[in-house]
């Protein structure tokens, strides 16, 4: 089945948008934002919430088909995440992340959806993010070839390929957004948690591997509006780093020296709180392509957040504070936010 040509007019208020995973962090943020713009939104999820209108699984194709009637945009955030690797089977990941995405793509094609945005993850890069001893920090752009290291990364990479397949073979406009960390939960690494206060760690990560949820939302909105023109694209969605590629050698062995060069004011704020900078940084996510091709302008980065702290403000955006921490499991665990495989 090949697509017909459509008049891609995204200014119409009557356009219906489907958000999968609407009870999750990003899903809720998207539904909130779109409803504030007076868009017609259908949120679907396995779990009930004030932002979920239909309960069901994306692995159930009949359910997906029923939800896509009249829909013109799909924002597909539903997924099993890294925190589920130790608590769910590999088959569970395949069912949700691959079969669920395939169901959505198939039914989106039948429903003549005009724009499909898939929320992927920088975790697809996997072992490509870990340079060998003595090597510079990895400068991670969309040109880096993923080497997934767990079932989460494998299934997200496969779902990305499905999106590309449906554009190539059926002209379904698809945009893949590889988001970096934006969850509010503590780090899953016990050693890291013992070395850094939680806010200290998260602010450090804005230099190279974290993004604010408000900026993730704006990237998704831009992606669905521009998908019909772009056709297909993969983009890293992470806070804008102050570093350049020339810094990668020093970053690996002496990150404070490099950070001091770009944001010298950070030292006073860190000293006042008893915080510390990472001694070395092993990878840097680069968002240049998203800023250029999506015209994405993220508001939150390391420099702006240091200034916010100096002015007595908080690290979290208003949206992040409203949504709060949801967790990934119904039960609490004695060690860390979730078990590690």
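For the pair residue 40 and residue 189, label points projected 7 Å from Cα toward Cβ lie 4.8 nm apart. For the range 57-145, list log₁₀ I(q)/I(0) at each q in 0.14, 0.18, 0.25 Å⁻¹, using the Debye formula over Cα point scatterers of equal strength and ignoring solvent, two decimals each. Debye curve over Cα of the range 57-145, log10 I(q)/I(0) at q = 0.14, 0.18, 0.25 Å⁻¹: -0.64, -0.87, -1.19. Contact order for the chain, expressed relative to its length and based on alpha carbon pairs under 8 Å spaced 6+ residues apart, stands at 18 percent. Histogrammed with a bin width of 5 Å, the alpha carbon distances of the range 183-341 distribute as 1, 8, 15, 18, 19, 17, 12, 7, 2, 0 percent, first bin at zero.
When the alpha carbon coordinates of the range 242-291 are projected onto the principal axes, the ranges are 36, 25, 15 Å, largest first. Expressed as an acute angle from 0 to 90° and rounded to the nearest 10, what is the orientation of the C-alpha long axis of helix 151-170 relative to the principal long axis of the chain? So the helix axis and the longest Cα principal axis differ by about 50 degrees.
Taking each residue as 0.36 nm, the span from residue 299 to residue 199 lengthens on full extension beyond its C-alpha to C-alpha distance by 34.2 nm.
Considered as an equivalent ellipsoid built on the Cα gyration tensor, the chain has semi-axes of 34, 21, 20 Å, the largest given first. Extension gain for residue 245 to residue 271 (0.36 nm times residue separation, less C-alpha to C-alpha distance): 6.6 nm. The residue 164 and residue 292 beta-carbon pair, evaluated with R₀ = 30 Å, returns a calculated FRET efficiency of approximately 0.90. As a proxy for reagent exposure, 301, 127 were ordered by neighbouring Cβ count within 10 angstrom, fewest first; the result is 127, 301. Computed from Cα positions, the angle between helix 213-230 and the longest principal axis of the chain comes to roughly 50 degrees.
Note on the range 1-160: the C-alpha convex hull projects to 11.3 nm² when averaged across all orientations. Put simply, when 309-320, 204-215, 64-75, 136-147 are sorted by average Cβ atoms within 10 angstrom per residue, most first, you get 204-215, 64-75, 136-147, 309-320. Only helices enter this figure: runs of n ≥ 4 DSSP H residues, each worth -39500 (n - 2.57), summed and divided by the residues of the chain, yield -11000 deg cm²/dmol at 222 nm to the nearest 500.
Any read-out appearing in this document is the output of simple, stated calculations on the displayed coordinates, not a laboratory observation. All values reported here derive from a predicted model rather than from experimental measurement. Using ideal geometry, Cβ is built from the backbone for each residue, glycine included, and neighbour counts are taken over all protein chains shown.
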